[in-house]
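Reviewing the structure listed below.
The values are calculated or read from the model by the stated rules, or taken from the named source; none is laboratory data. The shown structure was predicted, so the numbers you read here are calculated from the model rather than taken from an experiment. As a convention, Cβ positions derive from the backbone with ideal geometry for all residues, glycine included, and neighbour counts pool all protein chains shown. Ligands, DNA and RNA are stripped out before the accessible areas are found, and what is left, the full protein with its side chains, is counted by its heavy atoms. Shrake-Rupley method; radii C 1.70, N 1.55, O 1.52, S 1.80 Å.
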Amino acid sequence: MKLRQLGSSELTVSPVFFGAWALGGWYWGGTDDDKAIRAIHASIDEGVHCIDTAPVYGFGHGEEIVGLAIHDRRSRVVLATKCGLRWDIEQGESYFKTAYAGASYSVFRNLRKDSIITECERSLQRLKTDVIDLYQCHWPDKTTPLEETMDAMLTLRQQGKIRAIGVSNFTPAMMEECLRYAPLASDQPEYSLLNRDIEKDVVPFCQQHKIGLIVYKPVMQGLLTGKVTLERTFAAGDFRGHQPWFKPENRARVLGALEKIKPLADAHNATLAQLVIAWTIRQPGITSAIVGARTPEQARENARAAHIVLNEEEDRTIRTTFEALGAPGK
């Protein structure tokens, strides 16, 4: 698999990242640790050597699964995790409340220096490693100056505990301020055929400043795979049932658009999910796409999307088909 340089950093990454959000079981109705580990192994074996996780995914459990999966193949992996969402202390900007594994959690955005240092140490332990390749601020925290946040990241890099600094869900103005204090390897925003907002400002800013873009939700939590049919129902713990695009009337529109581009998938001997991933990683400024997998089969399917080469006409057809959908109806 051809690797790509991540911004102006020394990291080279695969165009597809293994997304470990669902592995913790949070919002997705439980997890199977053994199957999750085998999914990670299958992904690495297919050439997807980049794994993205975060402490809040399963409230520590997601990172623990990743740590178990990579402990004997750490040298083959580019490991990305995050900081800034605390559920163990009520400090910072209140974010949300949720339930997980029978317990209730209040989550706060906290990018204070002491908090980041603490989180990094805990992540290193859970991930069973002595260095994190890409350490990212998960969400902005309006209660903490960015200078303090970047100071924490620089301290960790100087200590050899992280290799590169990234942010997630940051605006161009926020990234511009960060750059006054520290180099940024990447930003991690949401991006898909159903949400192309970052093309207006984030993509041009990152291109101008040589910041990599690792996008999440490229298949819109499964909706763009074509497998979420109108008959599909969602369990109480699956938050997709409350999202606008997953409402039956909007889902029908998406399924109709997918049917229109299915001949392109067939022409490449690919699934719809693979076609959508291939389109995503082809877009200007996009370095990689994070795609979740819970089984070895899903991991292999995602990885093989990186080998699909779309031409200009196919790219344009896919884009215009989904531009015609407009915004989701409420």
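Here are a few things to note about the model shown:
- Odd one out for residue 52, checked against (1) under 19 Å from residue 222 (Cβ atoms); (2) crowded, with 23+ Cβ neighbours inside 10 Å; (3) touching a Leu at 6+ places or on another chain (Cβ under 6 Å): (3)
- Count of segment 193-227 residues which are touching a residue at least 40 places away in the same chain (Cβ under 8 Å), under 16 Å from residue 167 (Cα atoms) and of a type in the set (A, V, I, L, M, F, W, C): 6
- Residue match in segment 58-65 (condition: aromatic (Phe, Trp, Tyr), out of contact with any His (no Cβ under 8 Å at 6 or more places or on another chain), in contact (Cβ under 8 Å) with a residue 40 or more places away in the chain and under 29 Å from residue 183 (Cβ atoms)): no
- Matching residues in segment 133-156 - criterion: being under 15 Å from residue 81 (Cβ atoms) and either without any contact (Cβ under 8 Å) to a residue 24 or more places away in the chain or not in a helix (DSSP H, G or I) (or both): 133, 134, 135, 136, 137, 138, 139
- Any hit, segment 30-48, residues being on the phi > 0 side of the Ramachandran plot and modelled with pLDDT under 95: yes
- The criterion of at least 3 residues that are out of contact with any Leu (no Cβ under 8 Å at 6 or more places or on another chain) and either modelled with pLDDT under 95 or more than 23 Å from residue 19 (Cβ to Cβ) (or both) is met by the following helices (runs of 4 or more DSSP H) wholly inside segment 182-282: 202-208, 248-267.
- Single residue of 199, 121 found to be over 30 Å from residue 318 (Cα atoms) and acidic (Asp, Glu): 121
- Close pairs from segment 292-315: first closer than 18 Å to residue 17 by Cβ and at pLDDT below 95, partner of a type in the set (Asp, Glu) and in a loop (DSSP other than H, G, I, E, B), Cβ under 8 Å, at least 6 apart: 294/32
- Any hit, segment 98-110, residues being part of a helix (DSSP H, G or I), buried (at least 16 other Cβ atoms within 10 Å of the Cβ) and at pLDDT 95 or above: no
- Any chance residue 78 is open to solvent by less than 30 Å² (accessible area, probe 1.4 Å) and either among the polar types (S, T, N, Q) or more than 14 Å from residue 134 (Cβ to Cβ) (or both): no
- Residue 233 vs. criteria open to solvent by 40 Å² or more (accessible area, probe 1.4 Å) and out of contact with any Gly (no Cβ under 8 Å at 6 or more places or on another chain): no
- Scanning segment 119-157 for residues that are open to solvent by less than 20 Å² (accessible area, probe 1.4 Å), of a type in the set (Ser, Thr, Tyr) and under 20 Å from residue 186 (Cα atoms) returns 123, 135, 149.
- The residue that is most open to solvent (accessible area, probe 1.4 Å), counting only those in segment 158-181 that are closer than 30 Å to residue 222 by Cβ and in a loop (DSSP other than H, G, I, E, B), is 171.
- Within the span defined as segment 32-42, one or more residues are in a loop (DSSP other than H, G, I, E, B), open to solvent by 30 Å² or more (accessible area, probe 1.4 Å) and farther than 29 Å from residue 206 by Cβ.
- The set of residues in segment 81-109 being touching a Pro at 6+ places or on another chain (Cβ under 8 Å) and either free of Cβ contacts under 8 Å to residues at least 12 places away in the same chain or over 12 Å from residue 119 (Cα atoms) (or both) consists of 109 alone.
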